[in-house]
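Structure first, then comments.
The values are calculated or read from the model by the stated rules, or taken from the named source; none is laboratory data. Quick caveat, the model's predicted, so the values are computed rather than measured. Every residue, glycine as well, gets a Cβ built from its backbone with ideal geometry; the counts of neighbours run over all protein chains shown. Only protein heavy atoms, including side chains, enter the accessible area calculation; ligands, DNA and RNA are left aside. Shrake-Rupley method; radii C 1.70, N 1.55, O 1.52, S 1.80 Å.
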Amino acid sequence: MEWNQETLQSLSQCFLNTLSPSPVPRRQAEAFLSSASEQPNYGLAVLRLVAEPTVDDQIRQAAAVNFKNHLRLWWAPSPADTTRILDPEKDQIKSLIVPLMLSSSPRIQSQLSEALAVISKHDFPQSWPNLLPDLVSNLQKASASSDYTSINGILGTANSIFKKFRYQYKTNDLLLDLKYCLDNFAKPLLDIFLKTAQLIDVAAGPGGAAEALRPLFESQRLCCRLFYSLNFQELPEFFEDHMTEWMTEFQKYLTSSYPALESSGPDGLTLVDELRSAVCENITLYMEKNEEEFQGYLNKFATAVWSLLGEVAQSPSRDRLAITAIKFLTTVSTSVHHTLFAGDGVIQQICQTIVIPNVRLREEDEELFEMNYVEFIRRDMEGSDLDTRRRIACELFKGIAANYKAQVTSILSAQIQNLLSSFATNPDANWKDKDCAIYLVVSLATKRAAGGSASATTDLIDVERFFNTVIVPELQSQSIKEFPMLKAGALKFFTMFRNHIPKGVALGLFPDLVRFLSSESNVVHSYAASCIEKLLLVKDEGGRVRYTSADISSVLLPLMNNLFAALRFPESEENQYVMKCIMRVLGVADISQGVAAPSIAGLTSILNE
């Protein structure tokens, strides 16, 4: 594709049409661009359009997105693909993209930064040896003029390039690439980090403005992410030699407040929290991988993080900060420095100020329960909730319990009793206290394989007594609509500790489990189905199945009717937990004609749909 005025106008009109609300010109433009992308120099022509200052910004932005996607497809295609970007075009793109990215508006800059990361994934450093020197040179020029738009563009690009050091396997080639990056970038990174730190100190003083602080905090966050990438594989000598400079600033961001920025709106507080989160991830990395070198700074950081957690509100916008901070304390609790938690009242204070507040249900949890049951179950029952406050708070106590089991058990047992007493005084108002107690028991249980199925044990409570006094009243409640989250918690407890529940007690509750299948709550009827299915898998010693066809014969017909009825609830038409339960029950039960007919009708209906 030849670059001239006609090409400029043709491509500009096409990209404008791709933004049209009318489908006809939009599809015609997309078809034209798809065909044109197979021509040589198409990517170069689109990049030149992005660089054209006379073209409208929205057209240039659409072209930047197209350019990025074009590179993803054709920069390094599979050998079978005939369309590819040829080397002469690649060389011209490489020569243009860095200066263009630095001179572009933020939205276009972000697209070109991603495009540059696509190229670097395949070509850097071997086939693009001047990229890093160019970035460093431009970083130093931008630093001299305090041009933080360009500085953050360069740091964001470097962040995209260096991310590979976090997730690729350690090989000689990777370590050579890392050494090259460290030799060229470690010192300039520290220089801009320390310069920005000084500017923040000045701008955060009396009369400081939020607008002046925003780009500075974004710059420090990017520096922290680059620190993480460059230190992930092993501790580089340069960072070990300059650890004090880094750690001094890290600690300052955890202990200082920035009222001008924090009070400027939610996005201002988010910027500060994102920097603190990045710092917490960095010190957690050092705690995990460079414990010996880091130990001199540990006490101050542990105190800083603990104090910070006491100030973090329950707002979902602050979840990431809370989670990364708790992860740091969890890492400390399982290390040789666990004695930090041995002081009088320390574990008690952690329980009251960190664990319980973060385990309690929030409005966001209730919304997820109602609005997205699949995601709620994925987090709550299937263990994908590692990055939620509830789960990570429990992980912290598990870490402490590894060395202080007796203290943790005593403190949590008392806390659970307090929560249950609070519920008993006013069940309608304090139902979340009971949910919190059940969640603590379930989350802190130890899981192990037993009798062909998973089994759970706990030292916090007497399982049978807790089941009879706390769980059974919820399962036998006449109203299946009241407090559905509490019902779900009770069903989850029954499922987890099913091996410990005597057969006679469990069989007496089967009619209640069948009843819960008719709950309109997707989570509740899913948990009821899962509980029944898991109970039918329980085996006693010697591998003998605990529940036989005779045990479920009296509830079989209503059970099958309710299971198929559950598949007619909105959003449960393809409910995997209900379907698994149907399969398990049909595999265990003696099927009479009275049960076969509705089962066949139900299965046929599903297949027809």
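Summary table
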read-out	value
Ranking by accessible area, most exposed first, for MET1, MET287, MET371 with a 1.4 Å probe	MET371, MET1, MET287
Crossing angle, helix 243-255 versus the chain [Cα axis fit, 0-90 degrees, rounded to tens]	60
Accessible surface of the range 1-153, 1.4 Å probe, proportion on carbon and sulfur as whole %	49
Out-of-range pairs (alpha-carbon distance over 28 Å; input LYS432/LYS503; LYS481/LYS580; LYS195/LYS300; LYS405/LYS539; LYS327/LYS434; LYS163/LYS327)	LYS432/LYS503; LYS405/LYS539
Accessible surface of GLU364 - all protein chains present, 1.4 Å probe, nearest 10 Å²	70
Percent accessible area from carbon and sulfur atoms, the range 445-608, protein chains only, probe 1.4 Å	54
Residue-by-residue Karplus 3J(HN,Hα) for the range 263-269, coefficients 6.51, -1.76, 1.60, Hz, glycine and proline x	8, 8, x, x, 5, x, 5
Theoretical FRET efficiency, 1/(1+(r/R0)^6), r = Cβ-Cβ of ARG72 and THR149, R0 22 Å, to 0.05	0.30
Cα-Cα pairs of the range 52-184 separated by more than 18 Å (percent)	57
Net +/- balance of residues flanking ASN41 in space, Cβ distance below 15 Å, scoring K and R +1, D and E -1	-2
Environment charge of ASP183, counting only residues whose C-beta is closer than 13 Å and scoring Lys/Arg +1, Asp/Glu -1	0
Accessible area in the full protein assembly, largest first, 1.4 Å probe, for LEU368, LEU131	LEU368, LEU131
The range 206-301, accessible surface, carbon-and-sulfur percent (1.4 angstrom probe)	48
Cut-off 12 Å between beta-carbons: net charge of the residues surrounding PHE217, Lys and Arg +1, Asp and Glu -1	-3
Candidate lysines - alpha carbon under 17 Å from LYS94, same-chain residues fewer than 8 apart omitted	LYS68, LYS121
Net charge dipole size for the chain [Lys, Arg +1 and Asp, Glu -1 on Cβ; Debye, nearest 20]	1120
q = 0.06, 0.09, 0.12 Å⁻¹: log10 I(q)/I(0) that the Debye formula gives for the chain, counting C-alpha atoms only	-0.47, -0.94, -1.18
Extended-chain gain in nm, criterion 0.36 nm per residue less alpha-carbon gap, ALA414 and GLU520	34.7 nm
Dipole of the chain, positive direction: furthest Cα of LEU178, PRO99, LEU49, with charges on the beta-carbon	LEU178
Average accessible surface area per residue within the chain, 1.4 Å rolling probe, Å²	45
Heavy-atom accessible area order for THR425, THR339, THR157, largest first, 1.4 Å probe	THR425, THR339, THR157
Computed accessible area, ASP459, all protein chains, 1.4 angstrom probe, square angstrom	90
Separation between Cα centres of the range 211-237 and the range 363-377, rounded to whole Å	34
Cα→Cβ-extended label distance, 7 Å offset, between ASN608 and ALA212, nm	7.4
